[in-house]
Amino acid sequence: MQISMFSSKGNVIVIGDFNARTSDKDDFITNDVIQNDILREVSEILTYETDTVLPTRVNPDKTVNEYGRKLLSLCKSSGLRILNGRHNHGLDRAYSFIGARGLSVVDYCISTPNVFHLIEKFIISNFTTFSDHAPLHLQFKTKTSECKQSLNPCGDSVNNARPARTFRWNPEYEYEAKLELRKSLESLMCFSKSQMKNLKTKKMHPLMDLLHFFRK
């Protein structure tokens with residue numbers, strides 16, 4: 001009911017823990033077609049739009065539970081669709097929860113397909129020691145009133161905000177990262193206490209060199 005209410009006001013995006021395991025099952029109505037002759041007869045009574053067929057989601061969790069079936073049903077009835085496993089960058093195809101029974105995907109971003117292109121990044125980040133759920137990181141393309149002081153004036157076009165400092169670890173570069181970490185630690189050992197305090201405001205922090213391993 002709340003989704004229907006907010007949908008009447010604009011686009012809806014829902015993010016969070018649904019306790020739902022959906023595997024790669026369709027979240028849209030398949031073969032949703034009506035014959036042209038039937039459409040002509042009912043066109044004066046109602047307007048019907050067939051469901052949009054979306055690519056199959058890439059989901060490492062192949063289990064479906066009751067909450068998952070309810071979420072899929074909600075998507076079909078509301079027009080919302082699951083973004084997990086469909087984003088272009090492919091960083092949304094990881095497990096989002098770790099528990100006593102193992103790994104699963106229960107945290108989602110769902111929205112109408114017409115706003116998918118506005119989501120610049122969708123990353124299921126690495127697990128941390130603070131939660132058994134992996135953080136979900138989203139970065140949107142937005143209209144902004146803040147412009148850089150340049151020759152180009154502000155316009156109505158969609159501008160990318162400042163890139164967020166969120167990265168996902170790539171195990172392929174583990175050995176190189178360890179070597180870089182050793183070098184950084186050796187550099188830090190040479191700093192005095194006053195120099196260490198100044199590092200907080202300097203961009204050339206030795207440990208910042210490690211970040212390029214997360215960007216690859």
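The values are calculated or read from the model by the stated rules, or taken from the named source; none is laboratory data. Note that this is a predicted model, so its numbers are computed, not measured. Using ideal geometry, Cβ is built from the backbone for each residue, glycine included, and neighbour counts are taken over all protein chains shown.
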### Task
Please identify the pairs in which a residue from segment 70-91 that is of a type outside the set (A, V, I, L, M) has its Cβ atom under 7 Å from the Cβ atom of a residue that is assigned to a helix (DSSP H, G or I), counting only partners at least 6 apart or on another chain.
SER78/ILE3; ARG81/CYS75; ARG81/PRO113
## Note on the structure
For strands (runs of 3 or more DSSP E) lying entirely in segment 53-126, having 1 or more residues that are of a type outside the set (Ser, Thr, Tyr), on the phi < 0 side of the Ramachandran plot and loosely packed, with under 13 Cβ neighbours inside 10 Å picks out 97-99
### Query
Pairs, please: C-beta under 8 Å, at least 6 apart or cross-chain, first residue more than 14 Å from LEU103 (Cα to Cα) and in segment 121-136, second assigned to a strand (DSSP E or B) and charged (D, E, K, R)?
LEU136/ASP107
### Message
Return the residues of segment 1-13 that are touching a residue at least 60 places away in the same chain (Cβ under 8 Å) and farther than 10 Å from THR112 by Cα; say none if nothing qualifies.
### Response
ILE3, SER4
### Message
As an exercise: evaluate ASP132 against (1) under 27 Å from PHE28 (Cα atoms); (2) modelled with pLDDT of 95 or more and give the number of the one condition it does not meet.
### Response
(1)
